[in-house]
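The values are calculated or read from the model by the stated rules, or taken from the named source; none is laboratory data. In this text the structure is predicted, and so the values were computed from the model without any measurement. We place every Cβ from the backbone using ideal geometry, glycine too, and count neighbours over all the protein chains shown.
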Amino acid sequence: MDVERKLAILADAAKYDASCASSGTEKRDSSDGKGMGSTAPGMGICHSYAPDGRCISLLKVLLTNACNYDCLYCVNRSSSNVPRARFTSDEVVKLTLDFYRRNYIEGLFLSSGIIRSADYTMEQVVSVARKLREQHHFRGYIHLKTIPEADDALITEAGKYADRLSINIEVPEEDSLARLAPEKNVRAIRRTMGRLRLKLDEAQEDQATATKAKPPRFAPAGQSTQMIVGADTASDKTILDTSANLYGSYKLKRVYYSAFSPIPDSSRALPLSPPPLVREHRLYQADWLMRFYGFNADEIVDQTQGMLSLEIDPKLDWALRHRDRFPLDIATASREDLLRVPGFGTKAVDRIIATRRVTSIRAADLARLHVPAKKALPFIVLSDFKPSPHQLDDARLAERFKPKAEQLGFGF
Ligand code: SF4
């Protein structure tokens, strides 16, 4: 099979993995004339998206889509009837360098089905990164998928070459994982995440205490994971509780949410249709609230429903359920409270705090502060504006923010 055909199969097989964003790594470049490529910390690496909404800025491929495991939700499972292919490590190295030279990509995201054993597969994955870094002095971004059962020495070596390592938690509940991916072991997944956390902490401490000698690196862009949404009956509350636990226990950089895509010849244990894509979007918004806006998982989701609203964003939904906390006078409110106002992003809050030190803020200033007035005004007091008390109590307030209902077509 030629490399082009392998690429078609193995890039397509990798598209279900959402965890490929690449911000937060260390700075490397080749402006000294040595090596090839660069990373751009802080700004992250530019992303582009395939028509199905998935990130393709990195060369995202599997080493092989053959797999010993039979995870029901996976198109590469052993019982799947898809064409199989396998790259050699040299082929992936060459493809990465060729694409990099042509400016198609800024790095590599490499995963693999499990063949022979966890150690054998992990060694193959690591060998690609080792050759790129040591033989070709590649300085672009590398994200390696880690196999939880692999030997600790291989995982340590992966961290030496990769910017980011990830292990997919797959589904939020242990029971579902046992049902949908019987060969996977949730304890091994969590144990390896814990080991990665320790190594990341150690590397960070070494960096902080290093004087002259450069301490050994370990995955400077941290670890991430992915959860499939809608392959089982887990509620958004369960998903967000799991994410909060993963962020807290293993200091993950990101949890990625990937809406389940029905696959050919799938098991009856799986739903026939995918969840609405907007559910994945709402989970990302809720995740953002936990990481940057000071929200706890258990206050984001309406506890009686267990699900995020599909019609309005989670912060607006929270504000509508907590109207007693509004309107908020933005001349005096704390940063924590301002972050809870619908439509206020973190940068807008910083701009508001800087502006109010020198002048009072009027309704006309909101556009300059990049705040969507329609969303924010019912919840705030400005120097020249106060919402009417009836407006905030009005049961129809929520309706104002929901998308207008449209009559469905008849299909003819
Ligand atoms: S281990 Fe499971 S999820 Fe990973 S490639 Fe194999 S079948 Fe797919």
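Within the group R357, R368, R335, R362, which residue is surrounded by fewer than 18 Cβ atoms within 10 Å (Cβ to Cβ) and either at pLDDT below 90 or under 30 Å from G248 (Cβ atoms) (or both)? Just one listed residue meets the conditions, R335. Taking the criterion of being touching a residue at least 60 places away in the same chain (Cβ under 8 Å) and within 8 Å of the ligand (Cβ to nearest atom), the residues of region 64-79 that qualify are N68, Y69, D70, C71, Y73, C74, V75, N76.
Scanning region 114-121 for any residue that is under 23 Å from R217 (Cα atoms) and among the hydrophobic types (A, V, I, L, M, F, W, C) turns up nothing.
Which of the residues that make up region 87-116 are among the polar types (S, T, N, Q) and in a helix (DSSP H, G or I)? Those that are among the polar types (S, T, N, Q) and in a helix (DSSP H, G or I): S89, T96.
Considering only region 246-282, state which residues are hydrophobic (A, V, I, L, M, F, W, C) and touching a residue at least 12 places away in the same chain (Cβ under 8 Å).
Within region 246-282, L246, L252, V255, A259, F260, I263, A269, L270, L277, V278 meet the criteria.
Scanning region 119-132 for residues that are within 16 Å of the ligand (Cβ to nearest atom), crowded, with 18+ Cβ neighbours inside 10 Å and within 13 Å of A153 (Cα to Cα) gives a single hit, M122.
Listed here are the residues, each with its yes/no results for (1) outside any loop (DSSP other than H, G, I, E, B); (2) more than 27 Å from V93 (Cα to Cα); (3) not acidic (D, E).
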| position | (1), (2), (3) |
| --- | --- |
| I147 | no, no, yes |
| A153 | yes, no, yes |
| K160 | yes, no, yes |
| E183 | no, yes, no |
| R190 | yes, yes, yes |
| L196 | yes, no, yes |
| K199 | yes, no, yes |
| E205 | yes, yes, no |
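The set of residues from region 80-112 being within 16 Å of the ligand (Cβ to nearest atom), small (G, A, S) and in contact (Cβ under 8 Å) with a residue 60 or more places away in the chain comprises S80, A85, S111.
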